[in-house]
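Taken together, the values in this text are just the output of simple stated rules run on the coordinates, not laboratory data. The model shown is predicted, which means the values in this text are computed figures rather than measured ones. Glycine also receives a Cβ, built like all others from the backbone with ideal geometry; neighbour counts cover every protein chain displayed.
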Amino acid sequence: MSKKELQVLAVEQKILNRIYLIRGEKVMLDRDLAAMYGVETKVFNQAVKRNIERFPKDFMFTLSEKEWERLRSQFVTSSWGGVRYRPKVFTEQGVAMLSGILDSKTAIEVNIRIIRVFTKLRKYALTHKEILTQLAKLEKEVHGNSKDIENIFMVLKELIAKQSAPTYRERIGFKRSNEKD
C-alpha cells in the first residue's frame with residue numbers, strides 16, 4: 001500500500017471513530033465536526049444557527065440529557081471542565097448540508113471524506129443485511145429438516161465409532177502345527 005493510501009485509511013478511521021449510533025441513526029457530534037473543519041465549536045454552531053432552516057430534525061438534533069450522559073461516559077473528561085451544554089449531532093444528510101454553509105476548501109475536502117465514509121458504512125450494512133437474510137433462510141430450511149440432520153449426525157457418529165474401535169479378526173496365514181483352531 002502506498003503512503004498516500006495509508007494516509008487516506010488513517011483519515012477514514014479517524015472519521016469512523018467519530019461516528020456514533022444514536023436513536024438508530026449514525027451521527028457525528030458538533031465538536032468533532034468543528035475540529036475536523038478547523039473551526040471552534042462555537043463558530044460552527046453559530047453558522048448552523050444562522051442557517052437553521054437547512055437542518056430539519058432528521059438532519060440534526062440535540063442529544064437528550066440521558067443520551068449525553070451515556071455518550072459522555074465513553075469519554076475521559078474532568079468533572080469541572082469540558083462541555084456545559086448538550087451537543088448537537090448531525091446525520092449523514094446533515095453533514096452533507098454543512099457543505100453549503102461552511103464555505104472553505106478544508107470544509108469541502110472534509111465533507112467529501114465524511115460522506116465517503118458514510119457511504120462505505122451503508123454498503124457494509126447492506127452486505128451484512130444480505131448475509132443475515134441468507135442465514136435466516138438457511139436456518140428455516142434446516143429447522144424443517146432437523147430430524148433428518150440429527151439422523152445423519154447419528155449415523156456419522158456410529159461410523160466414526162466403528163472406525164476408531166478395532167474389531168477382532170482372525171489371523172491370515174499358515175497355521176503352525178502346535179496352534180489350535
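Reachable lysines from residue 147, Cα under 19 Å, same-chain residues fewer than 8 places away excluded? Qualifying lysines at Cα under 19 Å: 137, 157. Per-residue Karplus couplings for segment 54-67, computed as 6.51 cos²θ - 1.76 cosθ + 1.60 with θ equal to phi - 60°, are listed in order as 7, 10, x, 4, 8, 9, 7, 8, 8, 5, 6, 4, 5, 4 Hz, Gly and Pro entered as x. Under 5 Å between amide hydrogens, built in the peptide plane, is the criterion, and for residue 60 it picks out 91 among residues at least 5 positions away or on other chains. Applying the Karplus relation 6.51 cos²θ - 1.76 cosθ + 1.60 with θ = phi - 60° to segment 28-36 yields 3J(HN,Hα) values of 10, 6, 4, 5, 5, 5, 4, 4, 5 Hz, where x marks Gly and Pro.
Beyond 26 Å in Cα-Cα separation lie the following of the pairs 66/105; 26/129; 49/123; 4/42: 66/105; 49/123; 4/42.
Across segment 115-122, rounded Karplus estimates of 3J(HN,Hα) from the backbone phi angles (6.51 cos²θ - 1.76 cosθ + 1.60, θ = phi - 60°) give 4, 5, 5, 4, 5, 4, 4, 5 Hz, Gly and Pro being marked x. About its Cα centre, the dipole of segment 3-128 is roughly 120 debye, where the only charges are +1 on Lys and Arg Cβ and -1 on Asp and Glu Cβ.
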